[in-house]
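**Q** Take a look at the following structure, please.
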Amino acid sequence: MAVVMSMHWSGVTPEQYDAVRDAAGWEETPAPGGQIHVAWFDGQGLHVTDVWESEQAFETFFTERLAAALEKAGITGTPETTFSPLHRRFVAPGVSGVA
């Protein structure tokens, strides 16, 4: 069953996020099971919402690729992360790729 992963990581900067993205290479080589990824910043830090085919798919990606990229970017601590079952997904016609 697909899940929505919501993450808030206080103190992470856009520069650190970009360094992690580049090191993990998830746009060039998408993670198996990863379906949608959006990220934004506010005064509270980094926010991410993903859709994954399963929580296990995210955990595998974290272990195999993301953890090393986070360490390389100097990101420490633990984010607030929740998983919820996906009820419905809609992607508007003509929307694809990266912004």
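The values are calculated or read from the model by the stated rules, or taken from the named source; none is laboratory data. Nothing here was measured: the structure is a model prediction, and the numbers come from that model. For neighbour counting, all protein chains shown are included, and Cβ atoms are generated from backbone atoms with ideal geometry for every residue, glycine included. Heavy atoms of the whole protein, side chains included, go into the accessibility calculation; ligands, DNA and RNA do not. Shrake-Rupley method; radii C 1.70, N 1.55, O 1.52, S 1.80 Å.
**Q** Against the definition (loosely packed, with under 12 Cβ neighbours inside 10 Å and either part of a loop (DSSP other than H, G, I, E, B) or hydrophobic (A, V, I, L, M, F, W, C) (or both)), how does T82 come out, yes or no?
**A** Considered against the rule, which asks whether it is loosely packed, with under 12 Cβ neighbours inside 10 Å and either part of a loop (DSSP other than H, G, I, E, B) or hydrophobic (A, V, I, L, M, F, W, C) (or both), T82 comes out as no.
Table: residues versus (1) under 14 Å from F83 (Cα atoms); (2) touching a Ser or Thr at 6+ places or on another chain (Cβ under 7 Å); (3) modelled with pLDDT of 95 or more.
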| position | (1), (2), (3) |
| --- | --- |
| H8 | yes, no, yes |
| P14 | no, no, yes |
| A23 | no, no, yes |
| A31 | no, no, yes |
| V38 | no, yes, yes |
| L46 | no, no, yes |
| D50 | yes, no, yes |
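**Q** Within the range 40-79, how many residues turn out to be free of Cβ contacts under 8 Å to residues at least 40 places away in the same chain, crowded, with 17+ Cβ neighbours inside 10 Å and touching a helix residue (DSSP H, G or I) at 6+ places or on another chain (Cβ under 7 Å)?
**A** 1
**Q** Let me ask something else. Restricting to the range 21-36, what's the tally of residues that are touching a Lys or Arg at 6+ places or on another chain (Cβ under 8 Å) and either open to solvent by 60 Å² or more (accessible area, probe 1.4 Å) or outside any loop (DSSP other than H, G, I, E, B) (or both)?
**A** Going through the range 21-36 one residue at a time, the tally reaches 5.
**Q** How about the range 85-99: which of its residues are open to solvent by 50 Å² or more (accessible area, probe 1.4 Å), over 15 Å from the mean Cα position of the chain (by Cα) and in contact (Cβ under 8 Å) with a residue 12 or more places away in the chain?
**A** Once the filter is applied, which keeps residues that are open to solvent by 50 Å² or more (accessible area, probe 1.4 Å), over 15 Å from the mean Cα position of the chain (by Cα) and in contact (Cβ under 8 Å) with a residue 12 or more places away in the chain, the range 85-99 yields P85, R89, V91.
**Q** So T60 ticks every box in (1) within 20 Å of E27 (Cα to Cα); (2) assigned to a strand (DSSP E or B); (3) of a type in the set (S, T, N, Q) but one. Which box is left unticked?
**A** It is condition (2) that T60 fails.
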